[in-house]
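A short worksheet on the structure shown next.
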Amino acid sequence: MITNYKQLELSTQILIKEALKRNIEVEILDHDDNFIRLKKGSKIEYVKQATKTSVDTYIVALIMENKEITKLILKEHEINVPSGITVNHIDEALSKYSDFINKDIVIKPKSTNFGEGVSILKGLKSKEDYVMAIKEALSYDNHILIEKFIPGKEYRFLVIGDEVAAVMHRVPANVEGDGDHNIKELVDEKNKDPRRGKGHITPLEKINIGPIEENNLASQNKDIYYVPNDGEIVYLRENSNISTGGDSIDFTDDIHDSYKKIAVDASKAVEAKICGVDMIIPDVKAKPDKNNHSIIELNFNPVLYPHNFPYKGQNRHVEKKVLDLLGF
């Protein structure tokens, strides 16, 4: 029996564990790439990083990788997406600066994951901040999107097949004050949680304190030596990715079913079978309309583990849905 899978990415680990329960033969083809082969009888499936499978075509992955094309297709299907523009040079971005003054905007690369190169600028007043965000995004991609910031909370809908298998609210990296310790000390303490690690082999990632976190604190007139009041929540980042120290809160049973249908419709619009739909919603109890929600991204390789090991909430056993979809 295979035993050498405990250092693989956590989503791959939980998929292998369920496969073994089903008496599926598992072979690790490339440990570093989390590439495995599943075999039962005459049936063989190749799986990379738990959710890259044969059920989704290569062109589907390319569509979701390209945020501009994703938005175009969703708009054609009358699914809400943020308004915005695409630019490919800093001079072009600067020529549009006056259009965004005093507005809340998001600047992001056209083709990245895990929140890389994404900047959120609230009430834009500084050309320096604007230029810095443009340069950061351009360092990841030759084309970038400048979009309207959509207020509300971000939710990840994990679509597998024709259903939403789980819904998660991702909270940006944060600490809660106790009135005694500063932010750095609170981060150090929170990082002691055994569920936090590095490299996606644990349910949560350690919180880092780097330039992005320090700049975000500075925008709140705080630094790492600030002592938050008892119960005060201080956010270290704007983006809510688990990969940058965010917390995962299960919302599968708490969200209006109409939003789940929108997530499934979005996946079907790009013909995806496994998809992470990121949606901004101000009130999950209110029925969706033309103005109260927006899909900001579709992800072709969504991680499974935050839905099984949320910071708060129950295990949704989403790996079972993946193996069901693969016909095992």
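Condition test on ILE90, is it over 29 Å from ILE150 (Cβ atoms), more than 23 Å from the chain's Cα centre (by Cα) and either at pLDDT below 95 or of a type in the set (A, V, I, L, M) (or both)?
no
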Subject >> Residue, least open to solvent (accessible area, probe 1.4 Å), within the range 300-314, restricted to residues that are under 18 Å from the mean Cα position of the chain (by Cα) and either polar (S, T, N, Q) or under 14 Å from TYR259 (Cβ atoms) (or both) >> reply: ASN308
Original post:
Which condition does LEU74 not pass, out of (1) modelled with pLDDT under 95; (2) open to solvent by less than 60 Å² (accessible area, probe 1.4 Å); (3) over 18 Å from LYS320 (Cα atoms); (4) of a type outside the set (Lys, Arg), if it passes all the others?
Top reply: (1)
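A quick yes/no check of all residues on (1) in contact with a strand residue (DSSP E or B) (Cβ under 7 Å, 6 or more places away or on another chain); (2) acidic (Asp, Glu); (3) open to solvent by 10 Å² or more (accessible area, probe 1.4 Å):
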{"residue": "ALA218", "(1), (2), (3)": "no, no, yes"}
{"residue": "ILE224", "(1), (2), (3)": "no, no, yes"}
{"residue": "VAL227", "(1), (2), (3)": "no, no, yes"}
{"residue": "GLU238", "(1), (2), (3)": "yes, yes, yes"}
{"residue": "SER248", "(1), (2), (3)": "yes, no, no"}
{"residue": "SER258", "(1), (2), (3)": "no, no, yes"}
{"residue": "LEU298", "(1), (2), (3)": "yes, no, no"}
Subject >> The one condition in (1) out of contact with any Phe, Trp or Tyr (no Cβ under 6 Å at 6 or more places or on another chain); (2) under 15 Å from GLU78 (Cα atoms) that LYS321 fails to fulfil >> reply: (2)
Subject >> Any pair with Cβ under 6 angstrom, 6 or more apart, that starts in the range 230-245 at a residue that is at positive phi and ends at one that is crowded, with 16+ Cβ neighbours inside 10 Å and β-branched (Val, Ile, Thr) >> reply: GLY245/ILE207
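So, in the range 115-140, exactly how many residues are more than 20 Å from ILE101 (Cβ to Cβ), open to solvent by 40 Å² or more (accessible area, probe 1.4 Å) and touching a residue at least 24 places away in the same chain (Cβ under 8 Å)?
Residues that pass the stated criteria total 4.
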**OP:** Report the residue count in the range 15-35 for those that are within 18 Å of ILE274 (Cα to Cα) and touching a Lys or Arg at 6+ places or on another chain (Cβ under 8 Å).
**Re:** 3
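Give the number of residues within the range 101-114 that are in contact with a helix residue (DSSP H, G or I) (Cβ under 7 Å, 6 or more places away or on another chain) and either among the hydrophobic types (A, V, I, L, M, F, W, C) or surrounded by fewer than 16 Cβ atoms within 10 Å (Cβ to Cβ) (or both).
Residues meeting the conditions: 2.
Would you say ASP32 is farther than 22 Å from GLY117 by Cβ, without any contact (Cβ under 8 Å) to a residue 12 or more places away in the chain and either open to solvent by 70 Å² or more (accessible area, probe 1.4 Å) or in a loop (DSSP other than H, G, I, E, B) (or both)?
Values: farther than 22 Å from GLY117 by Cβ: yes; without any contact (Cβ under 8 Å) to a residue 12 or more places away in the chain: yes; either open to solvent by 70 Å² or more (accessible area, probe 1.4 Å) or in a loop (DSSP other than H, G, I, E, B) (or both): yes.
So ASP32 passes the test.
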**OP:** Select from the range 197-216 the residues that are within 17 Å of the chain's Cα centre (by Cα) and charged (D, E, K, R) and write down the one among them that is surrounded by the most Cβ atoms within 10 Å (Cβ to Cβ).
**Re:** GLU205
**OP:** List every residue pair whose Cβ atoms lie under 6 Å apart, where the two residues are 6 or more positions apart in sequence or sit on different chains, the first residue falls within the range 182-210 and is modelled with pLDDT of 90 or more and part of a strand (DSSP E or B), and the second residue, located anywhere, is surrounded by 15 or more Cβ atoms within 10 Å (Cβ to Cβ) and among the basic types (Lys, Arg).
**Re:** ARG196/LYS206
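The values are calculated or read from the model by the stated rules, or taken from the named source; none is laboratory data. Since the structure is predicted, the reported quantities are computational estimates derived from the model, not experimental observations. Virtual Cβ from ideal backbone geometry, glycine too; neighbours counted across all protein chains shown. When the accessible area is computed, the model is the full protein with side chains, heavy atoms only, and any ligands, DNA or RNA have been set aside. Shrake-Rupley method; radii C 1.70, N 1.55, O 1.52, S 1.80 Å.
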